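Written below as structure tokens is the structure these notes are about.
The values are calculated or read from the model by the stated rules, or taken from the named source; none is laboratory data. Quick caveat, the model's predicted, so the values are computed rather than measured. For neighbour counting, all protein chains shown are included, and Cβ atoms are generated from backbone atoms with ideal geometry for every residue, glycine included. Side chains are part of the model used for accessible areas, which takes the heavy atoms of the whole protein and leaves out ligands, DNA and RNA. Shrake-Rupley method; radii C 1.70, N 1.55, O 1.52, S 1.80 Å.
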Amino acid sequence: MLETAFTRLVGCSVPIQQAGMGGAATPELAAAVSDAGGLGMVNMVMVPADEVGVAVATLAKGTAGPVGINFLIPFLDVAAVEAAAPHCRVVEFFYGDPQAGLVERVHGAGALADWQVGSADEAKAAVQAGCDFVVAQGTEAGGHIRGTTGLLALLDEVLDAVEVPVLAAGGIGNARAMAAALAAGAAGVRVGTRFVATAESGSHPAYIQALAEASAADTVITTAFSGMWPDAPHRALRSAVAAVEAFEGETVGEMDLGPTRMAIPKGATPSPTKDATGAISAMALYAGESVGNVVRVQSAGDVVRELAEGAERLLRGWG
């Protein structure tokens with residue numbers, strides 16, 4: 001029951017895409033998701049293009065399933081796109097108007113292109129630019145949010161607007177939510193917050209612990225962490241917003257960004273990775289409304305199996 005237009009297009013066995021979440025989306029996480037049947041994604045912002053190419057090629061050779069890479073338009077390095085695309089099944093773009101030129105580069109390298117969107121108009125623009133599928137992101141999502149509409153209403157609008165496969169993103173953290181999205185017509189789901197709290201994630205342990213202690217009501221859409229990415233609302237833990245507002249210094253800590261160890265200014269965009277030091281609680285602790293489903297650290301494979309097997313049981317029970 002879990003074979004969909006998305007799984008047939010991408011070549012995975014489970015209609016789950018792991019979100020490419022900054023420092024959390026390590027090659028190890030992507031490999032584990034892909035080996036479990038989903039589509040694993042990496043995000044390598046600020047990494048030199050030649051290193052991106054080598055890393056993605058190594059990832060692709062070491063996994064049995066398809067892998068992809070996410071690029072954020074405000075930080076786009078076209079050379080990195082060209083280096084990664086020959087080794088990926090999927091190249092994804094987010095937070096910018098769809099561009100046919102980028103899609104053509106991806107297709108020219110033999111990969112599929114997708115765009116994460118926040119409106120039906122943006123979905124139509126992505127398809128017109130040549131994208132093979134789109135991800136409809138509702139405001140329940142953690143991290144940066146493109147639109148202003150909740151997932152179910154947005155999914156309905158996007159499904160009516162385009163004919164390519166549509167994935168549902170935002171608040172998908174358990175089998176019931178996944179089954180509901182598939183029953184509503186999505187060809188798959190995009191999951192983020194659950195994968196932050198996995199053994200293969202690159203996120204700091206204190207960040208993961210904060211997720212495990214939170215519920216949906218403990219998240220908020222804010223601009224508190226816009227220091228390196230202005231005018232981009234994002235959903236994060238309320239505790240992190242309160243902590244950064246109370247923080248009196250100019251620098252909350254340090255972490256590795258690409259090949260460089262950097263000071264992290266108060267209110268900066270990056271979420272804390274395992275190598276981060278300083279006031280972790282005052283850094284960008286992104287979390288979606290599905291955060292209540294995070295109760296402990298699990299392997300990424302176990303998360304994929306929990307969601308997929310549970311969703312299939314529910315769909316069979318629903319008829």
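Scan Gly150, Gly142 and give me the residue that is touching a residue at least 24 places away in the same chain (Cβ under 8 Å) and under 23 Å from Asp218 (Cβ atoms).
Exactly one of Gly150, Gly142 is touching a residue at least 24 places away in the same chain (Cβ under 8 Å) and under 23 Å from Asp218 (Cβ atoms), namely Gly142.
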The lone condition Ala168 fails out of (1) among the small types (Gly, Ala, Ser); (2) touching a strand residue (DSSP E or B) at 6+ places or on another chain (Cβ under 7 Å); (3) crowded, with 23+ Cβ neighbours inside 10 Å; (4) not in a strand (DSSP E or B) is (4)
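Just to be sure before I move on: is Gly227 touching a residue at least 40 places away in the same chain (Cβ under 8 Å) and farther than 30 Å from Glu3 by Cβ in the structure I sent? Don't jump to the end; show me each part of the working.
Values: touching a residue at least 40 places away in the same chain (Cβ under 8 Å): yes; farther than 30 Å from Glu3 by Cβ: yes.
So Gly227 fits the description; yes.
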Filtering the stretch 279-317 down to residues that are touching a His at 6+ places or on another chain (Cβ under 9 Å) and farther than 25 Å from Ala242 by Cβ yields none
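Does Ser290 satisfy the criteria of being touching a Ser or Thr at 6+ places or on another chain (Cβ under 9 Å), in contact (Cβ under 8 Å) with a residue 12 or more places away in the chain and not in a loop (DSSP other than H, G, I, E, B)?
Yes, satisfied.
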Only unsatisfied item for Met228, checking (1) assigned to a loop (DSSP other than H, G, I, E, B); (2) modelled with pLDDT of 95 or more; (3) farther than 15 Å from Ile208 by Cβ, is (2)
Selection over the stretch 23-43 where residues are open to solvent by 10 Å² or more (accessible area, probe 1.4 Å) and within 14 Å of Glu92 (Cβ to Cβ) yields a count of 1
Reported set for the stretch 281-319 where residues are among the charged types (D, E, K, R) and buried (at least 19 other Cβ atoms within 10 Å of the Cβ) is Glu289
Criterion first (open to solvent by less than 10 Å² (accessible area, probe 1.4 Å) and either under 19 Å from the mean Cα position of the chain (by Cα) or charged (D, E, K, R) (or both)) does Gly142 satisfy it? no
Residue hits (the stretch 62-101; modelled with pLDDT of 95 or more, open to solvent by 70 Å² or more (accessible area, probe 1.4 Å) and under 13 Å from Ala30 (Cβ atoms)) are His87, Arg89
Condition set in contact with a Pro (Cβ under 8 Å, 6 or more places away or on another chain), part of a loop (DSSP other than H, G, I, E, B) and modelled with pLDDT of 95 or more, scope the stretch 240-280, selection surrounded by the most Cβ atoms within 10 Å (Cβ to Cβ): answer is Lys274
If we keep only residues of the stretch 200-223 that are out of contact with any strand residue (DSSP E or B) (no Cβ under 7 Å at 6 or more places or on another chain) and part of a loop (DSSP other than H, G, I, E, B), then the residue most open to solvent (accessible area, probe 1.4 Å) is Glu213
| If you check Met46 against the conditions, is it among the hydrophobic types (A, V, I, L, M, F, W, C) and open to solvent by 10 Å² or more (accessible area, probe 1.4 Å)? | yes
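Every residue, every condition in (1) more than 18 Å from Ala179 (Cα to Cα); (2) within 18 Å of the chain's Cα centre (by Cα), yes or no:
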| site | (1), (2) |
| --- | --- |
| Thr277 | yes, no |
| Val291 | no, yes |
| Val295 | yes, no |
| Gln298 | yes, yes |
| Val303 | no, yes |
| Arg313 | no, no |
| Gly317 | no, no |
- Before we move on, is Glu157 assigned to a helix (DSSP H, G or I), more than 25 Å from Pro66 (Cα to Cα) and open to solvent by less than 30 Å² (accessible area, probe 1.4 Å)? no
A careful count of residues in the stretch 70-98 that are within 16 Å of the chain's Cα centre (by Cα), of a type in the set (Gly, Ala, Ser) and closer than 20 Å to Leu39 by Cα gives 0
